[in-house]
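The values are calculated or read from the model by the stated rules, or taken from the named source; none is laboratory data. Because the structure is predicted, anything quoted here is derived from the model rather than measured. Heavy atoms of the whole protein, side chains included, go into the accessibility calculation; ligands, DNA and RNA do not. Shrake-Rupley method; radii C 1.70, N 1.55, O 1.52, S 1.80 Å.
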Amino acid sequence: MILISLLLLLTLICLVGLLYRYLKLKRALPLLVAQLKKETVPVKTTEADLQDLAVALNQTLTEQAATLAKQKEHAALEQQQQTAKLQKAQQQAQATQLALTTASENLLNAAQAQLTAAQTELAQVEQDHFAAQIKYQLDQATQQLADLKLYQQLAMQQVTIHPQMIDLTQLLKRLLQPYYEDLQAQNFRLALQLTSNLKLQSDPVFVERIIQESLDNVLAHGQNEVRINLTKDAHFIYLTIQNQSLPVTTKQLTAPFYTAQPTTDPAAGLGLYFIQELVHLTGGILTLSYDQPVFTLQISWRL
C-alpha cells in the first residue's frame, strides 16, 4: 500500500507540472500573437505548433498513464504474493502446533490406557507385598501422567470452568482428614481456625485441587508446625496456610517444573504452578511470602 501511494503521488506531481506548463503556454500565446501582429510577422505556423504541442502533451500523458498502470499492476501483484506467503506461513504454523498437540495428547492417552490395563490386571493378582509395590508405582505413574496432561491443558488454555456454590468450610474439613495421619507421622503440630458456613461460587473440582496441592506442599517442604485459617471479611474469603520451612525465594516457586533439588519425577515442580493457574481461573488471588522461618500461602476469593 505504501508503494502504490508513492507511485500515485509521483504521477500526480508529474501531471501537475505538465498542466502548469500547459496553462502557462496557453496564457502566453495571446501575448505572443499580439506581439507578432504588431511586428507584422507571419503566424501561419502558430496553429500547427499548437497542434504539435497538444499531440506531444497527449502522448506524454498517455505514456505516464501507461507507466502508472504498469506500476500499479506490479505493486498489486507484489502485495498478493506477500499476502499469500504470510497466509501460507500462518497455516503451516497452525498445522505444526496442532500436530504437536495431537501427538502429545495421543502419547499421554496411550500411556494412560496402558497403565489402566496394567492396574486392572494387577487387581486380579493376589495382593502380596510385591504386588502392592507394583500398584504403588503404577499409581504414581498414573498421577504423573495426569499432572502432565493438566499442565498441557493449562498451557494451551484448554481448561473450562464450571462454577457452582461450594461449602468451602465443609470441603476443607473433608480434604484435611486424609492428611492427619501423614502430618502426625512427620511430627507436625496442626493449628486450625475455620469459619463455619463459608460459601463460594466457583468450580468445585479445581478448588479441591488447589487445597490438595497446598496441603501436599506442606508435607513436601514444611517443618514442625502448620497453621490453616479459613476466614472472611466484607469482600473476600481467605484461605491461609503457614508452615515453617527452609529459606526460599518466592518469585521462582510458581515457575513450571521448578524444584529446589534434582529429581527424576517428570511432573515434579508443578504443584505451586497448578495452584497459581487454578486460583487465577477460579477468580482468586494467590500471595506467597517468606518471613524466616515461616512460609505463607494465601488465597483470596472475592465474595
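Structural remarks
- Residues located in the range 186-209, provided they are aromatic (Phe, Trp, Tyr) and under 28 Å from the mean Cα position of the chain (by Cα): Phe206
- You will find that of Leu230, Leu272, the residue that is open to solvent by less than 50 Å² (accessible area, probe 1.4 Å) and assigned to a helix (DSSP H, G or I) is Leu272 and no other.
- The listed residue being of a type outside the set (Lys, Arg), open to solvent by 90 Å² or more (accessible area, probe 1.4 Å), within 19 Å of Leu272 (Cα to Cα) and within 36 Å of the chain's Cα centre (by Cα), out of Gln157, Gln212, Gln152, Gln164: Gln157
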